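Trainee: Would you mind keeping the following structure in view while I ask a few things?
The values are calculated or read from the model by the stated rules, or taken from the named source; none is laboratory data. On a predicted model such as this, the values are computed, not experimentally measured, just so you know. Cβ coordinates were reconstructed from backbone atoms using ideal geometry, including for glycine residues, and neighbour counts include every protein chain displayed. We work out accessible area using only protein heavy atoms, side chains counted, and drop any ligands, DNA or RNA first. Shrake-Rupley method; radii C 1.70, N 1.55, O 1.52, S 1.80 Å.
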Number of protein chains: 2
Amino acid sequence: MKRLGKYTLEFHRPPSLLAQAAVGGKKEAEGPLGKDFDQTFQDTTLQEDSWEKAEAQLQKEAVSLVLGKAGVRPQQVDYLFAGDLLNQCISSTFGLMDFGIPFLGQYGACSTMAQTLLLAAILVESGAARRALAVTSSHFCAAERQFRLPLEYGGQRSPTAQWTATAAGCALVGLGGTVQIRRGLAGKIQDLGVKDPANMGAAMAPAAADSICAFLQDTNTRPEDYDGIFTGDLGLVGTRLLYQCLEDNGVDLQPVHQDCGLLLYDRERQDVHAGGSGCGCSASVLCGHLLHRMERGELRRILFCATGALMSPTSSQQGQSIPGVCHILELVQP
Amino acid sequence: MKRLGKYTLEFHRPPSLLAQAAVGGKKEAEGPLGKDFDQTFQDTTLQEDSWEKAEAQLQKEAVSLVLGKAGVRPQQVDYLFAGDLLNQCISSTFGLMDFGIPFLGQYGACSTMAQTLLLAAILVESGAARRALAVTSSHFCAAERQFRLPLEYGGQRSPTAQWTATAAGCALVGLGGTVQIRRGLAGKIQDLGVKDPANMGAAMAPAAADSICAFLQDTNTRPEDYDGIFTGDLGLVGTRLLYQCLEDNGVDLQPVHQDCGLLLYDRERQDVHAGGSGCGCSASVLCGHLLHRMERGELRRILFCATGALMSPTSSQQGQSIPGVCHILELVQP
């Protein structure tokens with residue numbers, strides 16, 4: 001691989017996706033991308049006795065599906081990159097420990113899918129790994145009680161709030177698959193001082209703008225060079241702010257841009273306010289919908305720009321702002 | 001690099017440590033390794049208004065010291081691997097965002113220093129990065145209130161409990177330094193069913209045993225081939241259990257083994273019960289004491305085996321066990 005410009009990595013024997021899977025809950029099944037999921041659960045407890053354990057099961061199911069599709073045993077996978085939103089990433093730990101694969105826990109908030117894929121790609125390209133798994137999840141009920149209010153409280157949601165997806169996405173990275181990871185960029189933390197934990201889109205938009213500008217500059221490309229540029233998960237408020245941030249830099253993303261948080265649900269019908277969010281949102285939209293479209297040849301070259309808000313309830317309670325980060329992958333179907 | 005056996009990576013143009021720094025609090029300054037710290041703070045608030053913000057400052061200080069020692073500007077560093085124990089790794093985010101370095105958050109609990117170093121080494125060896133930073137921290141007061149009881153409660157500590165270090169360690173990985181990272185191993189999650197959050201050493205010992213056995217087997221080496229094998233942070237209880245686990249595998253580690261949690265404090269004099277712990281414990285012992293000893297030529301070939309307990313208060317309250325993980329680096333001073 002070689003470095004391109006200031007921040008971008010270009011892969012030469014490009015790592016590719018050997019298999020991927022998206023799993024989701026009831027609401028995700030009922031949304032416009034319902035058919036793109038490999039598996040959905042009407043009962044979002046997944047028959048576990050806590051939401052956290054249910055989320056762990058989502059990761060376990062996603063990994064099991066991917067290994068099955070690829071026809072690969074856990075022992076044939078060299079590294080497992082995983083993370084989630086729960087404190088100390090417990091859904092990754094408890095969901096994945098039985099696979100017995102060397103485990104490197106990641107924390108990039110809702111940008112985790114791009115982060116795990118980027119590291120998996122680097123390790124495969126460099127020969128450090130023959131195959132590496134990238135997986136992440138979120139669960140609406142576990143996230144609400146940890147980050148906001150327990151569901152039983154019945155709190156009113158702000159119009160800028162996003163709906164944490166109950167979903168997981170997983171991909172196996174190796175050599176010889178169809179969809180290739182051609183380039184990648186790890187983002188810098190950006191903080192424009194947004195402090196409202198019910199407006200994550202606004203907090204993450206500056207990071208998306210920064211990473212997208214850096215990537216376009218490093219690669220000397222324009223938005224229209226791509227069949228699609230997909231952010232995740234800015235929602236409606238963050239998307240508008242992203243366009244504004246990019247306009248200041250002379251970049252017009254609108255003709256090719258969509259946001260995973262706006263794709264996953266029908267905002268009119270499903271009452272999700274500003275759109276979807278959570279690690280599992282962009283992960284499942286990528287590993288389901290977007291990769292299906294690539295496999296069908298509808299999309300041949302895309303940017304997957306996953307965004308994360310690097311905050312905790314503690315930092316917000318202490319008056320801190322909400323910094324964001326955005327990692328980018330260029331995926332091609334040659 | 002090449003893969004050695006089942007789990008080990010061997011580096012060929014070995015990435016090395018260009019500079020490193022250890023910072024600590026008052027208790028760490030008073031301990032047997034006090035003189036090995038680059039900087040210690042008598043006031044462990046670091047003049048911040050919360051423990052979490054103080055911990056963020058520890059990381060910031062550690063990174064600043066390392067950049068200064070190496071004579072490197074932040075723009076010359078391609079990736080920053082960082083993590084900590086706080087929910088959503090906020091001390092890493094808030095401590096490091098001003099450096100403007102592409103950020104990849106890591107979660108390996110107290111194994112984080114080895115995890116960040118391993119990934120930094122892989123990225124440097126592969127050419128993905130010219131230089132990469134690895135940093136982690138912990139703070140006694142922030143950890144106590146998050147994982148156990150607020151200090152104001154004045155709770156009695158169990159004899160098996162370990163004392164979370166108020167410390168951070170940071171290293172800059174690149175090519176051309178003196179101490180080299182020759183080999184590395186990412187561990188598998190191990191869970192022997194320990195459920196007592198006041199006995200982390202016991203929870204992590206099986207993971208240390210598993211990773212050490214795998215490493216010795218992959219590299220066809222014996223404990224006595226190393227000048228020292230340093231685990232972190234098993235403390236007294238975990239160390240005894242490690243010897244027992246290894247004895248079952250016919251491995252006698254005792255002649256060359258020391259535990260970072262037992263090195264950092266004087267257990268007799270400092271009332272730390274079973275020893276030190278926390279991401280900052282093994283990180284600061286490595287980046288201070290151990291690397292000083294390597295630079296002086298007292299140690300020429302060591303294994304740094306950082307252990308982490310992958311739990312949260314939520315998982316413990318829900319009756320889950322405490323899984324552990326252990327990542328290993330072989331460091332040589334040729």
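Trainee: Explain nothing, just compute: Karplus ³J(HN,Hα) = 6.51 cos²θ - 1.76 cosθ + 1.60, θ = phi - 60°, for every residue of segment A:155-164 in order, whole Hz, x for Gly and Pro.
Mentor: So the J values, rounded to whole Hz, are x, 6, 8, 6, x, 7, 5, 10, 9, 5.
Trainee: In addition: Would you kindly find the accessible area of B:Lys26, with a 1.4 Å probe and non-protein molecules such as ligands, DNA and RNA excluded, rounding to the nearest 10 Å²?
Mentor: 90
Trainee: Report the A-B buried area as the accessible area lost on both sides summed, probe 1.4 Å, in Å² to the nearest 100.
Mentor: 4600
Trainee: When the Debye formula is applied to the Cα atoms of chain B, each taken as the same point scatterer, what base-10 log of I(q)/I(0) results at q = 0.06, 0.10, 0.13 Å⁻¹?
Mentor: -0.17, -0.49, -0.87
Trainee: Something else now. Using heavy-atom solvent-accessible surface (probe 1.4 Å) with all chains present, what is the largest-first order of A:Arg148, A:Arg296?
Mentor: Working: A:Arg148 85, A:Arg296 145 Å².
From most accessible down to least: A:Arg296, A:Arg148.
Trainee: Per residue, how much accessible area does the protein assembly as shown show when a 1.4 Å probe rolls over the protein heavy atoms, in square angstrom? Can you show the working numbers first?
Mentor: On the way: 21550 Å² over 668 residues.
Counting only protein heavy atoms, the per-residue value for the protein assembly as shown is 32 Å².
Trainee: Calculate the mean, over all residues of peptide B:319-325, of how many other protein chain Cβ atoms lie within 10 angstrom of the residue's Cβ. Could the numbers behind the result be given before it?
Mentor: Details: counts 3, 7, 2, 1, 6, 2, 6.
Per residue, the number of nearby Cβ atoms from other chains is 4 on average.
Trainee: Work out the length of the dipole vector of chain B about its Cα centre, built from +1 on the beta-carbon of each Lys and Arg and -1 on the beta-carbon of each Asp and Glu, and round it to the nearest 20 debye.
Mentor: Numbers: 28 positive and 35 negative charges, 156 e Å.
That gives chain B a dipole magnitude of about 760 debye.
Trainee: From the label point of A:Gly319, set 7 Å along Cα to the beta carbon, how far off in nm is each other copy's matching point, shortest first?
Mentor: Here A:Gly319 shows inter-copy label distances of 4.4 nm.
Trainee: Continuing with this model, one more query. What nm distance separates the two modelled labels at A:Asp252 and B:Asp271, each placed 7 Å from Cα along Cα→Cβ?
Mentor: My value for the distance between the label points is 7.0 nm.
Trainee: Let me ask something else. For A:Leu151, which inter-copy label distances result when the label point lies 7 Å beyond Cα on the Cα-to-Cβ vector, reported in nm to one decimal and in ascending order?
Mentor: 3.9
Trainee: For B:Leu185, what is the net charge nearby, where nearby means another residue's Cβ is under 12 Å from its Cβ and Lys, Arg count +1, Asp, Glu -1?
Mentor: Details: positive: B:Arg3, B:Lys6, B:Arg182, B:Arg183, B:Lys188; negative: A:Asp78, B:Glu10, B:Asp210, B:Asp218, B:Glu330.
Result for the local shell: 0.
Trainee: What nm distance separates the two modelled labels at A:Gln244 and A:Cys213, each placed 7 Å from Cα along Cα→Cβ?
Mentor: 1.5
Trainee: For segment B:251-334, take the convex hull of the Cα atoms, compute a quarter of its surface area, and give me that in nm², please.
Mentor: Working: hull surface 29.6 nm².
Over every viewing direction, the Cα hull of segment B:251-334 projects on average to 7.4 nm².
Trainee: Once the label point is placed 7 Å from Cα along Cβ, list for B:Gly34 the distances to the corresponding points in the other copies, in nm, shortest first.
Mentor: Ordered by distance, the counterparts are at 6.8 nm.
Trainee: Which residue in chain B puts its Cβ closest to the axis that rotates chain B onto chain A, and at what distance in whole Å?
Mentor: Rotation axis B onto A, closest Cβ, rounded to whole Å: B:Ser126, 2.
Trainee: Given the alpha-carbon gyration tensor of the protein assembly as shown, what are the semi-axes of its equivalent ellipsoid in whole angstrom, ordered largest first, with each equal to the square root of 5 times an eigenvalue? Let's see the in-between values first.
Mentor: Numbers: eigenvalues 269, 137, 117 Å².
Working from the Cα gyration tensor, I get semi-axes of 37, 26, 24 Å.
Trainee: Quick one, what does Rg over Rh come out to for segment B:179-332 if you take C-alpha atoms and the Kirkwood Rh? Numbers along the way, then the final one.
Mentor: Working: Rg = 14.9 Å, Rh = 15.5 Å.
Result for segment B:179-332 is an Rg/Rh of 0.96.
Trainee: Grab the DSSP H runs of the protein assembly as shown that are 4 residues or longer, score each as -39,500 (n - 2.57), total them, divide by all residues and round the 222 nm result to the nearest 500 deg cm²/dmol. If you can, show how the numbers build up before the last one.
Mentor: On the way: 24 runs with 228 residues, N = 668.
Value at 222 nm, helices only: -10000 deg cm²/dmol.
Trainee: Can I ask one more? Per residue, how big is the convex hull of segment A:1-156 when only Cα atoms are used? Give it in Å³. Before the final figure, lay out the partial values.
Mentor: Details: hull volume 22.6 nm³, N = 156.
In segment A:1-156, the Cα convex hull volume per residue is 145 Å³.
Trainee: Right, here's the next one. Among bridges DSSP assigns within the protein assembly as shown, what percent are antiparallel (round to 5)?
Mentor: Numbers: 75 of 117 bridges.
Bridges in the protein assembly as shown that DSSP calls antiparallel: roughly 65 percent.
Trainee: Right, here's the next one. So for B:Met113, B:Met97, what's the accessible-area order with a 1.4 Å probe, most first?
Mentor: Working: B:Met113 0, B:Met97 35 Å².
If we order B:Met113, B:Met97 from most to least accessible, we get B:Met97, B:Met113.
Trainee: Follow-up question, since we're still on this one. Residues of A:182-191, mean number of Cβ from any other protein chain within 10 Å of their own Cβ, rounded to a whole number? Don't skip to the answer; put the middle values down first.
Mentor: Values: counts 0, 0, 1, 1, 11, 3, 8, 13, 2, 4.
The per-residue average across the peptide is 4.
Trainee: Moving on. Kirkwood Rh, segment A:99-142, all Cα pairs: how many Å?
Mentor: Numbers: mean 1/r = 0.0870 Å⁻¹.
Computed over Cα pairs of segment A:99-142, the Kirkwood hydrodynamic radius comes out at 11.5 Å.
Trainee: Between A:Arg3 and A:Asp227, what is the spin-label point distance in nm, taking each point 7 Å from the Cα along the Cα→C-beta axis?
Mentor: Distance between label points: 3.2 nm.
Trainee: What ranking, highest mean first, results for peptides A:237-249, B:200-212, B:125-137, B:266-278 when packing means the other Cβ atoms within 10 Å averaged over each residue?
Mentor: Working: A:237-249: 19.2, B:200-212: 28.5, B:125-137: 26.8, B:266-278: 21.6.
Put in order of decreasing packing, that is B:200-212, B:125-137, B:266-278, A:237-249.
Trainee: If all Cα-Cα distances of segment A:1-91 are sorted into 5 Å bins from 0 onward, what percent lands in each bin, rounded to whole numbers?
Mentor: With 5 Å bins starting at 0, P(r) equals 3, 11, 16, 17, 18, 14, 10, 6, 3, 1.
Trainee: In peptide A:127-135, what is the residue-averaged number of other protein chain Cβ atoms found within 10 Å of each Cβ? Please list the in-between numbers first.
Mentor: On the way: counts 7, 14, 4, 1, 0, 0, 0, 0, 0.
The mean count of partner-chain Cβ atoms within 10 Å per residue comes to 3.
Trainee: Just tell me, in residue order, which DSSP H segments of chain A are both 24 angstrom or longer along the helix axis (alpha-carbon based) and at least 0.5 in mean Kyte-Doolittle hydropathy. Please list the in-between numbers first.
Mentor: Values: long enough: A:51-70 (29 Å, -0.22); A:200-219 (28 Å, 0.80).
TM-like helix candidates: A:200-219.
Trainee: When a/c reaches 1.5 or more, the comparison of a/b and b/c decides; with that in mind, is segment A:85-231 rounded, prolate or oblate per its Cα gyration tensor?
Mentor: Oblate, because a/c is 1.5 or more while a/b does not exceed b/c.
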